[in-house]
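Q: A single structure is presented below for examination.
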Ligand code: PXP
């Protein structure tokens, strides 16, 4: 089975820093550790309210990391302009609601179609790969293909929060299979940890996982490098099969 990439979401390191408003822990230093431990890329979400990652973090990440930057943001003019300026390897467009604790659901690719389409066109012109964070829903996959995205990131929250409900897992595998058939790259993420990542990692069409909170939480106990190696090994084992 094709190698599956692991991108580490370092927002949660920035959240700890912002709790005290200083400079430590530095998410850029954490990103470098992630890379040393085998992460294939770094994901950073710059929220409109700047509650964790700051603009300067994104600029420093873009200039420092040796893998690739997946810049996660809402499809606003401000964020797309920043992406045009820094030209990260990829941009993942996500919905943002001010009061949410974390990203709660996938993009509304029907009502938001025109805004998303125009953001995707701008990213394409800037030479940046695009991904849409969507619910694991075959209609949302079809719409994402029609909108011209390079990839979709399937929301694994419903699977993670129902402790691996087979229906949620089926929705992920059906959406991933459809995406691959329609020629769009398939990523997944949200709420994944070493205990629940196996069945998602085993879905052959999923090329990349974005994982953050569980890794940073686990790092408190075993260190960031070992937390990454632990989840990497579950992913690899799952793709090898029983
Ligand atoms: N993908 C997207 C689009 C996200 O917003 C998040 C949240 O940080 C993640 C993946 C990673 O989720 P988690 O932090 O729960 O691993």
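Values quoted throughout were computed directly from the atomic coordinates according to the rules given, and no laboratory measurement underlies them. Note that the coordinates shown come from a computational prediction; the quantities given were computed from them, not determined experimentally. Heads up, the Cβs are rebuilt from the backbone with ideal geometry, glycines too, and the neighbour counts pull from every protein chain shown.
Q: Which order do peptides 79-86, 218-225, 149-156 fall in by mean Cβ count within 10 Å, highest first?
A: Details: 79-86: 17.5, 218-225: 14.9, 149-156: 26.8.
Descending packing order for the listed peptides: 149-156, 79-86, 218-225.
Q: Also: Relative contact order for the stretch 130-242: what percent, with Cα pairs under 8 Å and sequence separation of 6 or more?
A: Working: 175 pairs, mean separation 25.7, N = 113.
Worked out over the stretch 130-242, it gives 23 percent.
Q: Order of 166-173, 49-56, 136-143 by packing, highest average Cβ count within 10 Å first?
A: Details: 166-173: 16.8, 49-56: 14.8, 136-143: 19.5.
By packing density, highest mean first, the sequence is 136-143, 166-173, 49-56.
Q: Please compute the contact order of the chain in relative form: average sequence separation of alpha-carbon pairs under 8 Å and at least six residues apart, divided by the residue count, as a percent. Intermediate values should be presented prior to the final figure.
A: On the way: 460 pairs, mean separation 47.8, N = 242.
Normalised by residue count, the contact order of the chain is 20 percent.
Q: Under 8 Å for C-alpha pairs, at least 6 residues apart: give me the relative contact order for the stretch 32-83, rounded to a whole percent.
A: Values: 47 pairs, mean separation 21.6, N = 52.
Rounded, it is 42 percent for the stretch 32-83.
Q: Let me know the volume per residue of the alpha-carbon convex hull for the chain, in Å³.
A: 118
Q: I would also like to ask the following. Tell me what the chain gives for mean residue ellipticity at 222 nm when only DSSP H runs of n ≥ 4 count, each as -39,500 (n - 2.57), the sum divided by the residue total, rounded to 500 deg cm²/dmol. Provide the component values of the computation, followed by the final result.
A: Working: 11 runs with 114 residues, N = 242.
Theoretical 222 nm ellipticity from helices: -14000 deg cm²/dmol.
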